[in-house]
Amino acid sequence: MASNVPEDDHWTLWWNARIAAMEALLGKSDDIVGHAPVPFDLGADIGGAADIVFFRGHVNGVIAATSELIGNNEQLPNDQGNYELAIGHRADDEWGPRIISQLAHYTLQAALNPGETMEIGPATPDGSTIAAFLFCDYGRFQVLGRNAGLLLCIGITSKELSFCRAGKRTRVELALKSAGVYPFTDLNRDSTV
């Protein structure tokens, strides 16, 4: 990117390009964006979080995705390249979008790759059966010549996490799909394995 591009134009260029790439995969996004109270660029230390874009026409539910990471040179690329985080819910839910909005800063410190897991038990609502995220490759595309993708964060149970850690991640993904869970994070459900 040319260094003589004004900062506002640079931000707008990347915003529009990443939204267009995600819309090619997920369909039209909502007109309303979930803006973080503290902007992402101000940092996690003071509560900065990623803006969230919502897609309601892709599945019978809602896919929420961050929209601050593709084009951010501070992000550590994963197997997809530069990537945004996504989460699916069967209906409007504040928990999932909030958690990926906050998790976005972690991608500046470590790459999250498809097939990996992350324990999140303490961050889930009381009574939830979800113990971790399983990260899944939800789509790959190009944004302004850069390899990019959408990394789905799907909530899994303790038992499903144990299977993943035992080298049976593919079995867990197939079970989630067969049970009609994938691509949704259902906070209160039985294990599929």
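The values are calculated or read from the model by the stated rules, or taken from the named source; none is laboratory data. Small disclaimer: the values here were computed from a predicted structure and weren't measured. FYI the Cβ positions are ideal-geometry reconstructions off the backbone, even for glycines, and counts take in every protein chain you see.
Residues in segment 10-43 that are touching a strand residue (DSSP E or B) at 6+ places or on another chain (Cβ under 7 Å), in a loop (DSSP other than H, G, I, E, B) and under 18 Å from R56 (Cβ atoms): G27, D30, V33. Answer yes or no as to whether A148 is within 28 Å of A44 (Cβ to Cβ) and in contact with a Ser or Thr (Cβ under 6 Å, 6 or more places away or on another chain). Considered against the rule, which asks whether it is within 28 Å of A44 (Cβ to Cβ) and in contact with a Ser or Thr (Cβ under 6 Å, 6 or more places away or on another chain), A148 comes out as no.
The C-beta contact set for segment 91-119 (first residue at positive phi and part of a loop (DSSP other than H, G, I, E, B), second residue of a type in the set (D, E, K, R) and buried (at least 17 other Cβ atoms within 10 Å of the Cβ), distance under 6 angstrom, 6+ apart or interchain) comprises G115/R169.
Scanning segment 136-145 for residues that are within 18 Å of the chain's Cα centre (by Cα) and either among the charged types (D, E, K, R) or farther than 20 Å from A86 by Cβ (or both) yields D137, R140. Checking each residue in segment 6-45 for being aliphatic (A, V, I, L, M), in contact (Cβ under 8 Å) with a residue 12 or more places away in the chain and within 22 Å of H105 (Cβ to Cβ) picks out A17, I19, A21, M22, V33, A36, A44. Do the conditions hold for G71, that is, is it within 29 Å of D190 (Cα to Cα) and in contact (Cβ under 8 Å) with a residue 40 or more places away in the chain? Here the answer is no, as G71 does not meet what is asked. Inspection of segment 121-129 identifies at least one residue that is outside any helix (DSSP H, G or I), at pLDDT 95 or above, surrounded by 18 or more Cβ atoms within 10 Å (Cβ to Cβ) and not β-branched (V, I, T). None of S178, S191 is over 28 Å from I46 (Cα atoms), in contact (Cβ under 8 Å) with a residue 24 or more places away in the chain and hydroxyl-bearing (S, T, Y) except S191. Count of segment 99-148 residues, restricted to those that are closer than 16 Å to N72 by Cβ and charged (D, E, K, R), is 1. Candidates are the residues of segment 66-90 that are β-branched (V, I, T) and part of a strand (DSSP E or B); the one that is nearest to Y182 (Cα to Cα) is I87. Any residue at all in segment 50-67 that's in contact with a helix residue (DSSP H, G or I) (Cβ under 9 Å, 6 or more places away or on another chain) and farther than 19 Å from P97 by Cβ? Checked against the condition, which is being in contact with a helix residue (DSSP H, G or I) (Cβ under 9 Å, 6 or more places away or on another chain) and farther than 19 Å from P97 by Cβ, segment 50-67 yields no hits at all. May I ask you to list the residues in segment 150-175 that are part of a helix (DSSP H, G or I), free of Cβ contacts under 8 Å to residues at least 12 places away in the same chain and not β-branched (V, I, T)? Correct list: S162, L174.
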